[in-house]
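Can you read through this structure? Questions will come right after.
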């Protein structure tokens with residue numbers, strides 16, 4: 001008996017697959033990062049609002065807006081200001097639109113069953129931020145002069161005094177302002193290990209929506225105590241992307257054994273081997289019962305790597321996309337990733353390179369839709385308080401195919417990824433769940449067992465789930 005899997009480089013089949021009931025839990029959210037300037041031809045909040053129904057159809061739970069606040073004009077390193085050089089924390093930049101535009105966007109997001117998270121920059125401000133004159137004591141100084149972060153490398157911003165309690169209190173008040181006046185649901189916090197943990201303690205306790213805590217995501221992986229202590233709900237799987245996925249795709253001889261070990265460790269313990277930690281922040285099992293954000297690309301990755309995810313992951317992009325959504329945590333989709341947008345050049349935070357939505361990779365879009373549906377409907381793909389265990393499966397093509405099983409109770413999901421440029425036919429002698437399985441991409445059904453022969457096309461993938469018949 002042979003089970004032929006889909007080629008993720010060709011069309012995704014439209015066969016209906018009956019799956020477990022869709023249930024969305026906080027730890028399994030799919031996050032979509034929006035760079036407003038580049039997201040639409042309009043480059044503003046109205047341009048984002050127009051696409052919210054499409055993001056709902058894609059399977060997005062959270063819309064994370066990169067900073068939309070009033071930006072600085074001093075020290076710009078491009079045609080536009082970086083969105084991380086903020087002039088006024090309580091104003092919307094006119095290029096992004098008006099307060100009414102933001103209220104309309106928030107309402108549309110909420111009406112479509114999603115949350116909206118703002119991006120907060122707590123380590124530094126624009127050089128012409130209103131605080132520079134009104135509260136110079138909020139800033140770090142050297143010989144009486146304002147300083148640029150990272151030993152002067154970030155030339156368009158001034159570093160805040162991380163230990164200034166007055167600055168912390170003012171910042172927390174500004175965060176509450178957006179919750180009170182615009183009904184936002186949470187914050188992604190830039191360079192979260194830069195400011196004092198005391199800032200995040202205050203914010204997590206005081207910034208409330210209807211008397212309840214909002215969501216907190218840290219752009220950080222080297223201070224797990226920020227999560228363990230409850231200041232943040234989630235942080236980045238930074239080293240998994242940088243040291244595992246990107247390294248795998250760019251090694252002259254990629255190591256599937258290293259990938260297997262890294263995925264098993266991440267899924268079952270929430271960490272990456274050798275994960276960076278501050279010397280004073282080594283903490284045992286920091287992510288037990290919690291989730292983290294896993295990603296292939298974000299605004300920093302694409303800016304550093306040349307403009308599009310295929311340049312980072314090359315021929316492995318599609319099987320690694322399947323891995324992103326099935327291995328662990330909360331997957332991120334970045335600003336056009338779902339259409340495999342190619343900028344044609346370098347992407348900069350200080351320039352405008354709008355996404356060309358007229359030429360989408362429809363196969364990638366359909367693939368991500370299927371993956372978000374699986375993420376929401378399969379208990380075995382859960383991460384957090386109730387987390388599916390990952391078990392690596394041995395195949396008869398282990399030099400080319402990576403197969404693993406996620407298990408939660410009696411629920412199972414089996415993932416098979418071909419990382420070679422040839423078709424692979426193989427068996428999995430042990431470890432397949434009993435009973436009838438169905439490929440979520442093709443609808444092909446198999447009676448699991450060691451004698452079943454699977455076939456994967458070059459760089460193809462399949463995801464098998466329990467066949468639930470109505």
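The numbers here are math on the coordinates, done by the rules we state, and not lab data. Keep in mind the model is a prediction, meaning the values are calculated, not measured. Cβ coordinates were reconstructed from backbone atoms using ideal geometry, including for glycine residues, and neighbour counts include every protein chain displayed.
For the chain, what does the relative contact order come out to in percent, with C-alpha contacts under 8 Å and a separation of six or more?
Taking the mean separation of contacting Cα pairs over the length of the chain, I get 20 percent.
With n ≥ 4 as the cut-off for DSSP H runs, can you work out [θ] at 222 nm for the chain, using -39500 (n - 2.57) per run divided by the number of residues, rounded to the nearest 500? Show your work: numbers first, answer last.
Details: 15 runs with 127 residues, N = 470.
So the calculated ellipticity at 222 nm is -7500 deg cm²/dmol.
Next up: Please give the Cα centre distance for segment 339-414 versus segment 270-305, rounded to the nearest Å.
When both Cα centres are located, 18 Å separates them.
Tell me, what is the percent relative contact order of segment 427-470, built from C-alpha pairs under 8 Å that lie six or more residues apart?
44
On to the next question. If the chain between residue 430 and residue 250 were fully stretched, how many nm would it gain, using 0.36 nm times the residue separation less the Cα-Cα distance?
Between residue 430 and residue 250, full extension yields an extra 61.7 nm.
Another question about this same structure. Going by average Cβ neighbours within 10 Å, how do the peptides 158-167, 367-376 rank, with the highest at the top?
Top of the packing list down: 367-376, 158-167.
Going by a ≥ b ≥ c, the root eigenvalues of the Cα gyration tensor, does segment 346-392 fall in the rounded group (a/c under 1.5), the prolate group (a/b larger than b/c) or the oblate group?
Taking the square roots of the gyration eigenvalues as a ≥ b ≥ c, segment 346-392 is prolate.
On a 0 to 90 degree scale, rounded to 10, what angle separates helix 256-269 from the longest Cα axis of the chain?
60
Where does helix 197-206 land angle-wise versus the long Cα axis of the chain, in degrees 0 to 90, nearest 10?
So the inclination is approximately 90 degrees.
Relative to the present Cα-Cα distance, how much length would full extension add between residue 177 and residue 342 at 0.36 nm per residue of separation?
55.7 nm
Next up: Please label the shape of the chain as rounded, prolate or oblate, based on the square roots a ≥ b ≥ c of the eigenvalues of the alpha-carbon gyration tensor (a/c under 1.5 means rounded; beyond that, a/b larger than b/c means prolate, else oblate).
Since a/c reaches 1.5 and a/b is larger than b/c, the shape of the chain is classed as prolate.
Also, quick follow-up: To the nearest 10 degrees, how steeply does helix 165-182 sit against the main Cα axis of the chain, on a 0 to 90 scale?
That helix lies at roughly 60 degrees to the long axis.
How would segment 392-470 be classified by its alpha-carbon gyration tensor: rounded, prolate or oblate, with rounded meaning a/c under 1.5 and the a/b versus b/c comparison settling the rest?
Prolate, because a/c is 1.5 or more and a/b exceeds b/c.
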